[in-house]
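No lab work stands behind these numbers, since they all come straight from the coordinates. Please read all numbers here as calculations on a predicted model, not as lab measurements. Positions of Cβ are generated from backbone atoms using ideal geometry, with glycine treated the same way; all protein chains shown enter the neighbour counts.
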Amino acid sequence: MRFSTLASLAALFEFTTAGRWTEDWPFAGFPSFAKLPFHTCLVDNPEFDIALIGVPFDTAVSFRPGARFGPQAIRRASQRQNGLRGFNARAGINPYDNWAHIIDCGDIPVTPMDNQLALEQMNAAYDELVNGTTTSGNTAGALPRLVSLGGDHSVILPALRALHKHYGPISVIHLDSHLDTWSPDSYPSYWHSNTSEFTHGSMLWLAAQEGLINKGHCVHGGLRTRLSGDDWSDYEEDDRVGFHRIHADEMMEIGPRGIAERIKQIVPKNVPVYLSVDIDVLDPSAAPGTGTVEPGGWLTRELISLIRQLQDLPLVGADVVEVSPPFDHADVTAMAAAQVAYEIITNMVKTPLELETRKFFSNM
């Protein structure tokens, strides 16, 4: 008995000695997202179930730049999210201490000098990360999932291209104040190049032209943008692309639950879903640090509530984009984005992609 007690004490002493320098405060240590294990995934090729990937690209914007600094800012704002204090009371789980192996994959090294080359780099990186990586084995046969930290909103196009190779057409839930289905003709200019059509407002139009999205089963939420000209032609083009529209003011009429129900009526059950959150879906009072602000948006509380009510959808990927730290104040925009990423990760953990689901998607 005495030997057992001494052995226990010795083991305890060894544990405490080994662990005495392993406790980082939120404001200390390496700033990976939520203090998650960090890998340069495009070099190290680690296994994971869910990963954060930064995309510091903002040279496809039409107004205020600065979102190339978004991934760093979102990571800084996430430092109080960690496994020790990561329990999501809204969802009833700690996503960081559950079945999923979740890591921070670092950033895609994207050139700011040449958009054609940048798009090529992003295409290759997403293809490697989505189709060239295996899971940790916690979900048999499932594909690993990425939550992208932007960067401007154009980064969704290479992500959808990579996912389409495996799943086929994808239903996109697009939470944004803008349509982002504008034909390149909506940006009239005498000058053209190989990538002049590629912008943060035309990428969903391009995705539709390439057959990447599940036409008729995609939805915008939070719209309040001004339109071109003096008629509804922008909406007519949006109809042709294949999106349904939910306006920001509808939040006051039917609330997050009603909007979630509308989305689920549009997005069929058991189809691959991509959730894209432009932080400008929030009102500028809640997210001033973004490229194209539009007054009259949702509150952070409302956005989080909506995301929680979409937790049963099988997300194959997601992003949080358009965080522009140069226009932020007291990190309020970055903190909102970090919380949104946390809620998306929680949804992914609550709804794993099983092998049967993967096969169903592949055969659509």
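Find the all-direction average of the projected area of the Cα convex hull for the range 264-364, expressing the result in square nanometres with one decimal place.
Numbers: hull surface 27.8 nm².
The orientation-averaged projected area of the Cα hull of the range 264-364 comes to 7.0 nm².
Just order 47-58, 191-202 by mean Cβ neighbour count inside 10 Å, highest at the front, would you?
On the way: 47-58: 24.8, 191-202: 16.6.
Packing proxy ranking, top to bottom: 47-58, 191-202.
Cα-Cα pairs above 18 Å in the range 191-258: how many percent?
Working: 1114 of 2278 pairs.
Every Cα pair in the range 191-258 considered, those over 18 Å come to 49 percent.
Please arrange SER148, SER183, SER136 by counting, for each residue, the other beta carbons lying within 10 Å of its beta carbon, fewest first. Mind dumping the intermediate values first?
Details: SER148 27, SER183 19, SER136 16.
Taking fewest neighbouring Cβ atoms as first place, the list is SER136, SER183, SER148.
If the elastic network links every pair of Cα atoms under 10 Å, which of THR22, THR134, THR292 fluctuates the most in the Gaussian network model of the chain?
THR22
For the chain, which cysteines have no second Cys with its Cβ under 4.7 Å from theirs?
Cysteines of the chain left without a disulfide-compatible partner: CYS218.
What FRET efficiency comes out for ARG90 versus ALA124 if R0 is 30 angstrom and r is the Cβ-Cβ distance? Round to the nearest 0.05. Don't skip to the answer; put the middle values down first.
Details: r = 37 Å, r/R0 = 1.23.
E between ARG90 and ALA124, to the nearest 0.05, is 0.20.
For the range 75-156, place one equal point scatterer on every Cα, skip the solvent, and apply the Debye formula. What is log10 of I(q)/I(0) at q = 0.15, 0.23, 0.24 Å⁻¹?
Results for the range 75-156 at q = 0.15, 0.23, 0.24 Å⁻¹ read -0.74, -1.19, -1.22.
How long are the three semi-axes of the equivalent ellipsoid for the range 11-129, computed from the Cα gyration tensor as the root of 5 times each eigenvalue, in whole Å, largest first?
On the way: eigenvalues 206, 54, 43 Å².
Sorted largest first and rounded, they come to 32, 16, 15 Å.
Starting from the Cα of ASN131, move 7 Å in the Cα-to-Cβ direction to define the label point; list residues of the range 190-218 whose amide nitrogen is under 14 Å from there.
The answer is 212, whose backbone nitrogens lie closer than 14 Å to the label point.
In the chain, what is the count of Lys pairs whose alpha carbons are under 30 Å apart, counting only pairs at least 8 residues apart or on separate chains?
15
Using the count of nearby Cβ atoms within 10 Å as a rough guide to exposure, how do ARG226, ARG257 rank from fewest to most?
Values: ARG226 7, ARG257 11.
Lowest to highest Cβ neighbour count: ARG226, ARG257.
What is the distance, in nm, between label points placed 7 Å from the Cα along the Cα-to-Cβ direction at TRP25 and at ASP185?
With each label placed 7 Å out from Cα toward Cβ, I get 6.0 nm.
Semi-axes of the equivalent ellipsoid for the range 65-201, please: Cα gyration tensor eigenvalues, times 5, square-rooted, ordered largest first, whole Å.
Working: eigenvalues 192, 70, 48 Å².
Calculated on Cα positions only, the semi-axes equal 31, 19, 15 Å.
Would you mind calculating the gained length between GLN116 and VAL43 on full extension (0.36 nm times residue separation, minus the Cα-Cα distance), in nm to one decimal? Write out the running numbers ahead of the final one.
Numbers: separation 73, 0.36 × 73 = 26.28 nm, distance 2.26 nm.
Computed gain between GLN116 and VAL43 is 24.0 nm.
Using modelled backbone amide H atoms (1.01 Å from N, in-plane), which distant-in-sequence or interchain residues come within less than 5 Å of ARG145's amide H?
Amide H neighbours of ARG145: ILE50, ALA51.
Hey, what's the per residue convex hull volume over the C-alpha atoms of the chain, in cubic angstrom? Don't jump to the answer; show the numbers that get you there.
Numbers: hull volume 54.4 nm³, N = 364.
Enclosed volume per residue, from the Cα hull, is 149 Å³.
Hey, fewest Cβ within 10 Å first, where do HIS174, HIS166, HIS39 land in order? Working shown, then result.
Working: HIS174 26, HIS166 15, HIS39 18.
By the 10 Å Cβ count, ascending, the order reads HIS166, HIS39, HIS174.
Out of residues 5 or more away from THR290 or on other chains, whose amide H comes under 5 Å of its own, with H placed 1.01 Å from N in the peptide plane?
Amide H neighbours of THR290: SER324.
DSSP loop (so not H, G, I, E, B), at most 14 other Cβ within 10 Å: list which trypsin sites (Lys or Arg not before Pro) in the range 20-77 pass both filters.
Working: sites: ARG20, LYS35, ARG68, ARG75, ARG76; in loops: ARG20.
Those satisfying the criteria are ARG20.
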